[in-house]
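Visitor: This is the structure, below, for whatever I ask next.
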Amino acid sequence: MNLHYGCGLAVAEGWYNCDASPTLRLQRLPILGTVARHLLKPVFPSGVEYGNIAAGLKIEENSCAAIYCCHVLEHLSLEDARSALRNTYRYLRPGGLFRLVVPDFEQQVAGYIANKDPNALPNFLTYTHLGRTTRAKQPVALIREFFGNSYHLWMWDYKSLAKELSGAGFREIRRCYFGDSRNPAFLSVEHQGRFEWALAIECTK
């Protein structure tokens, strides 16, 4: 099987697509889910299952030939990200491939330092989702912010993430690029635009 966690609205055929969004969890509730679909956006497609990779999924160990996550790990605390990587390793079968994409913090910081514009810092904080220009005040806005999980909790560069992957047991860790995997299944979940200004890594078990 192939696992795509943190898939958001992207449903790929031939993959088990899951997401830990609290919004999705509410939308899947009986009766209340109908209300949640009206109040909380986005509305998740029916092909997306609720699943929290940090807490663990109902997947057998050593069962996945391919695992993919794109712009997911930065939304987890460091502790949860480490749990997610350990679980990813458990689900991946020997010789299987894990590919991930995250914002490249080293690249973002370099761009900020080189930018002499007075708006460089506000732009940096906005782009990295590390700053907030306003706080939600209205009830619906507060609900959306609380359940949205859109802010970044931890940032990564290659050396720090490669260290965590190695510590979780992964090997053959390398920077990767859109469409360069030897497993063609990834072509159905990867989107080139998500690789721009980002750090992508492929590794195996």
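Visitor: Please determine whether any residue of region 86-105 is without any contact (Cβ under 8 Å) to a residue 24 or more places away in the chain, of a type in the set (D, E, K, R) and out of contact with any helix residue (DSSP H, G or I) (no Cβ under 6 Å at 6 or more places or on another chain).
Guide: For region 86-105, residues without any contact (Cβ under 8 Å) to a residue 24 or more places away in the chain, of a type in the set (D, E, K, R) and out of contact with any helix residue (DSSP H, G or I) (no Cβ under 6 Å at 6 or more places or on another chain): absent.
Visitor: Further, regarding this structure: Check Leu3 against each of (1) modelled with pLDDT of 80 or more; (2) touching a helix residue (DSSP H, G or I) at 6+ places or on another chain (Cβ under 8 Å); (3) part of a helix (DSSP H, G or I) and name the one condition it does not meet.
Guide: Failing condition for Leu3: (3).
Matching residues to (1) under 21 Å from Gly193 (Cα atoms); (2) over 17 Å from the mean Cα position of the chain (by Cα):
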residue	(1), (2)
Cys70	yes, no
Ala81	no, no
Gly96	no, yes
Lys116	no, yes
Asn119	no, yes
Phe124	yes, yes
Thr134	no, yes
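Visitor: Still on this structure, please answer the following. Scan region 35-47 and tell me whether some residue there is aromatic (Phe, Trp, Tyr) and closer than 17 Å to His191 by Cβ.
Guide: No.
Visitor: Restrict the check to region 38-61 and report whether at least one residue is over 30 Å from Arg171 (Cα atoms), in a loop (DSSP other than H, G, I, E, B) and among the aromatic types (Phe, Trp, Tyr).
Guide: Yes, that holds for at least one residue.
Visitor: Determine the pairs where a residue that is buried (at least 17 other Cβ atoms within 10 Å of the Cβ), located within region 165-182, has a partner that is part of a helix (DSSP H, G or I) and of a type outside the set (Lys, Arg) with Cβ atoms under 6 Å apart, the partner being 6 or more residues away or on another chain.
Guide: These pairs meet every condition: Ala168/Leu85; Ala168/Tyr89; Ile173/Ala162; Ile173/Leu165; Phe178/Gln192; Phe178/Phe195.
Visitor: Further question: Within region 115-168, considering only helices (runs of 4 or more DSSP H) that don't extend past its boundaries, which have at least 1 residues that are at pLDDT below 95 and of a type in the set (Ser, Thr, Tyr)? Spell out how you get there, then give the answer.
Guide: On the way: elements: 120-127, 139-148, 158-168.
Passing ranges, in order: 120-127.
Visitor: From the list Ala55, Ala66, Ala81, pick out the single residue that is closer than 20 Å to Phe105 by Cβ and either crowded, with 17+ Cβ neighbours inside 10 Å or in contact (Cβ under 8 Å) with a residue 12 or more places away in the chain (or both). If you could, list the steps in order and put the result at the bottom.
Guide: Working: Ala55 fails: closer than 20 Å to Phe105 by Cβ; Ala66 fails: closer than 20 Å to Phe105 by Cβ.
Going through Ala55, Ala66, Ala81 in turn, the sole match is Ala81.
The values are calculated or read from the model by the stated rules, or taken from the named source; none is laboratory data. If you're wondering where the values come from, they're calculated on a predicted model, not measured in any experiment. When we count neighbours, we look across all protein chains shown, and the Cβ atoms used for this are built from the backbone with ideal geometry, even at glycine.
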